[in-house]
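The values are calculated or read from the model by the stated rules, or taken from the named source; none is laboratory data. Note that this is a predicted model, so its numbers are computed, not measured. Counting neighbours? That spans all protein chains shown, and the Cβs are built from the backbone with ideal geometry, glycine included. These accessible areas exclude ligands, DNA and RNA; they are computed on the full protein's heavy atoms, side chains included. Shrake-Rupley method; radii C 1.70, N 1.55, O 1.52, S 1.80 Å.
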Amino acid sequence: MTIQHKMILSEARDYMFIALGLFIYTIAFTVFLMPYQIVAGGVTGLSAIIYYATGFHLENTYIIINGILLVVALKILGVKFLMKTIFAIFTLYFMLMIAQDLIPKQENGLPFKLMGEGQDFMSMIIGCVLTGIALATVFMNNGSTGGTDVIAASVNKFHPNVSLGNVLIAADFCIIGSCMFFPQFGTYLERAHKVMFGFCVMALENYTLDYVMNARRQSVQFMIFSQKWQEIANAIGTEMNHGVTILDGHGWYTGKKSKVLCILAKKNESVYMFRLIKMIDPNAFVSQSAVIGVYGEGFDEMRVKIKEEKKKLEEDQES
């Protein structure tokens, strides 16, 4: 298989999982959050607030706001960066539209309450966990749902010191807090109740999102002590395509010199790693420990900013 074919398959896989994530998000939002008029952050949350207050269709508000943001962002971020975002926006628009047509309605026009009356809090928990998993699925496959993500990326391009997370949190606070300005939501106490629910949604959704994404990226370190260290190193290097560092060890009790293998790997590779070691040397002594972060080739990128002068100096030295 050529590199070009691999790239095409990789892109196709990304789009497939982005669509899957959006499908989960649609189900979670329309089945668990909308029936109880639970507000959330992002453009979807803002669209829902306008829908609850005015009855204007959620998906129409969503596509209008995102359309305006895309026109502005195209000049700033470029078409290539926004291709998957554009795909996600239109896919979610059609999914929300279809879901609202298919799901049975209450007398007030909202989707029926699957959890029953008075189950706002439980429905919020289930909905937020599902939306967090859905967004993590989209982000892990290089996608974006648009909206406040586009705003954050645009701000970050001109102000690198302003993190994406801070922009997103600020935008969500403004969107959820806007409930206080809609008298259709009832008294000030009832509006405050919705705002508090909205902040709970934001916290739980972001926690689930971070948990899912970090669980996938979590890395571990292996220290392997074995007389058959050469065979184990060969097996790990060839069958798992992993780098292996060989350290010189010295036993305190025996006084003998030995080799110690040090390997950094993803947590989900642990079972296969142990299986390889046990097949070669069942008596091997293995230490496995979690590491906070691993950065470099094959792992995470070091996401820090360096001063332009230092960067230019390093480039000059290389040339």
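Residues that are assigned to a helix (DSSP H, G or I), closer than 30 Å to I63 by Cβ and either modelled with pLDDT under 85 or open to solvent by less than 30 Å² (accessible area, probe 1.4 Å) (or both) do occur in the stretch 211-226, at least one of them. Please verify whether the stretch 283-303 includes one or more residues that are more than 25 Å from N214 (Cβ to Cβ), open to solvent by 100 Å² or more (accessible area, probe 1.4 Å), at pLDDT below 85 and not in a strand (DSSP E or B). Taking every residue of the stretch 283-303 in turn, none turns out to be more than 25 Å from N214 (Cβ to Cβ), open to solvent by 100 Å² or more (accessible area, probe 1.4 Å), at pLDDT below 85 and not in a strand (DSSP E or B). Just give me the residues in the stretch 250-267 being under 46 Å from the mean Cα position of the chain (by Cα) and not in a strand (DSSP E or B), in sequence order. The answer is G251, K267. Residue count for the stretch 27-51 under the criterion of being of a type outside the set (A, V, I, L, M, F, W, C), assigned to a helix (DSSP H, G or I) and more than 24 Å from V150 (Cβ to Cβ): the result is 2.
Consider M196 against the criteria (1) at pLDDT 80 or above; (2) more than 30 Å from S258 (Cβ to Cβ); (3) open to solvent by less than 60 Å² (accessible area, probe 1.4 Å): it satisfies all of them except one. Which criterion is unmet? Every condition holds for M196 apart from (3).
Picking from residues in the stretch 43-97 that are touching a residue at least 24 places away in the same chain (Cβ under 8 Å) and among the hydroxyl-bearing types (S, T, Y), the one that is nearest to K194 (Cα to Cα) is Y52. Being within 18 Å of V43 (Cα to Cα), part of a helix (DSSP H, G or I) and touching a residue at least 60 places away in the same chain (Cβ under 8 Å): is that true of V167 here? Spelling it out, it is not the case that V167 is within 18 Å of V43 (Cα to Cα), part of a helix (DSSP H, G or I) and touching a residue at least 60 places away in the same chain (Cβ under 8 Å). Across the stretch 68-102, the number of residues qualifying as open to solvent by 30 Å² or more (accessible area, probe 1.4 Å) and not hydroxyl-bearing (S, T, Y) comes to 21.
The set of residues from the stretch 157-180 being modelled with pLDDT under 75 and within 18 Å of the chain's Cα centre (by Cα) comprises S163, L164, G165, N166. All of (1) of a type outside the set (D, E, K, R); (2) closer than 30 Å to L130 by Cα; (3) modelled with pLDDT of 85 or more hold for S258 with one exception: (2).
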